Every structure is written in structure tokens, then in C-alpha cells.
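Asker: Pasting a structure below so you can have a look.
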Amino acid sequence: MAIRIIEIHAAPNAEELNTEWFVLENSGKMPFNTRNCGLSVSRRGQKRRQELGIIDPGFVIAPGERMRVCTGYPGRKAHGAPPADDVKSYNLLLNESVLRGPGTVLSLTLRSLPVTRGEFDPDAPSGIRPVEAKP
């Protein structure tokens, strides 16, 4: 699959959940429907994941398109607002932060098969820890 997490952004304030988000990009040639995709979080080096839920109804990412996935509710003023730019936003409708600090790994799966994953690194420009080459 050509779906990638290309950016992760932590909320500067734990209450403003819509300022915590990640961006998915479809670099493939076919649209991708996220309906029934599972989202989970873990820590680097740990196999045990905490399931955050199933994305339903989900959204379709067209080839070359990006989608920002925000943690909170769009209508709650206390959750803040995502950046005002040309990237569409989808809200997970969660009541607490997804990121657990540096080394947090976000995983997107479809029918238990991995689609993409990204590790949060607050020191990286995009918030993503670079993938290390395997020997």
C-alpha cells in the first residue's frame, strides 16, 4: 500500500486535542478507503499495542491527497482548532491524547494487516522518526 504517515504533531496543551494530529498521504495510483481500518498506539520496541478503535465511517484518500487526522471533537471549543490550511481534517472523536511522548508508534491496520505506521519524534521537523536502514 502507498499510504504513509508523513507528519505527527503533538498538542502544545493537553486539553486542545484538535491540535494533536497526524497526516496520512496516499502516494499510490488508487484511492484508499479508511473505513474499518484500526488505529493503535504502542511504544518503540514493544509488541503490545493499545487499540484506539476502528475508523468508521472513515474517509477516502485519493491518489496524491493528504488527510489530517485530529484526536478530538470538531465542535468543542476546549479542544481547539486544527491549522487553517488546504489539508482536509478528520476527527477521531477521542477524549484523551493519543501520543504518549517521544517513541510513540501510531499504527494503521486493515483487517489486522499493517497499512502504515509512524514513530513520533518531537525533534524531527515532521515529527516522524526516520526509518533506519536494516543491514
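The values are calculated or read from the model by the stated rules, or taken from the named source; none is laboratory data. If you're wondering where the values come from, they're calculated on a predicted model, not measured in any experiment. Note that we place each Cβ from the backbone using ideal geometry, even for glycine, and neighbour counts take in every protein chain shown. Accessible surface areas use protein heavy atoms only, side chains included; no ligands, DNA or RNA. Shrake-Rupley method; radii C 1.70, N 1.55, O 1.52, S 1.80 Å.
Asker: For R66, are the conditions met, namely being open to solvent by 80 Å² or more (accessible area, probe 1.4 Å), in contact (Cβ under 8 Å) with a residue 24 or more places away in the chain and in contact with an Asp or Glu (Cβ under 8 Å, 6 or more places away or on another chain)? I'd like the intermediate steps shown before the answer.
Answerer: Working: open to solvent by 80 Å² or more (accessible area, probe 1.4 Å): yes; in contact (Cβ under 8 Å) with a residue 24 or more places away in the chain: yes; in contact with an Asp or Glu (Cβ under 8 Å, 6 or more places away or on another chain): yes.
In short, yes.
Asker: Go through region 33-62 and give me each residue that's in contact (Cβ under 8 Å) with a residue 60 or more places away in the chain and not polar (S, T, N, Q).
Answerer: Initially, region 33-62 is screened for residues in contact (Cβ under 8 Å) with a residue 60 or more places away in the chain, giving 34, 36-44.
Correct list: C37, G38, L39, V41, R43, R44.
Asker: What single numbered condition from (1) in contact with a strand residue (DSSP E or B) (Cβ under 7 Å, 6 or more places away or on another chain); (2) open to solvent by less than 50 Å² (accessible area, probe 1.4 Å); (3) farther than 20 Å from I128 by Cα fails to hold for H79?
Answerer: Tallying (1) in contact with a strand residue (DSSP E or B) (Cβ under 7 Å, 6 or more places away or on another chain); (2) open to solvent by less than 50 Å² (accessible area, probe 1.4 Å); (3) farther than 20 Å from I128 by Cα, H79 fails exactly one: (1).
Yes/no per residue for (1) open to solvent by 20 Å² or more (accessible area, probe 1.4 Å); (2) touching a Cys at 6+ places or on another chain (Cβ under 9 Å); (3) closer than 16 Å to G101 by Cα; (4) assigned to a loop (DSSP other than H, G, I, E, B):
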site: I6; (1), (2), (3), (4): yes, no, no, no
site: A11; (1), (2), (3), (4): yes, no, yes, yes
site: E15; (1), (2), (3), (4): yes, no, yes, yes
site: E25; (1), (2), (3), (4): yes, no, no, no
site: M30; (1), (2), (3), (4): yes, no, no, yes
site: R35; (1), (2), (3), (4): yes, no, no, yes
site: S40; (1), (2), (3), (4): no, no, yes, no
site: K47; (1), (2), (3), (4): yes, no, no, yes
site: G53; (1), (2), (3), (4): yes, no, no, no
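Asker: From the list L94, L106, pick out the single residue that is touching a Leu at 6+ places or on another chain (Cβ under 8 Å), of a type in the set (A, V, I, L, M) and part of a loop (DSSP other than H, G, I, E, B).
Answerer: Numbers: L106 fails: part of a loop (DSSP other than H, G, I, E, B).
Matching residue, one of L94, L106: L94.
Asker: I've got another one for you. Being open to solvent by less than 30 Å² (accessible area, probe 1.4 Å), within 15 Å of V69 (Cα to Cα) and touching a Phe, Trp or Tyr at 6+ places or on another chain (Cβ under 7 Å) narrows it down to one residue among L93, L99; which is it? Explain how you work it out, then say what you get.
Answerer: Numbers: L93 fails: open to solvent by less than 30 Å² (accessible area, probe 1.4 Å).
Result of the check over L93, L99: L99.
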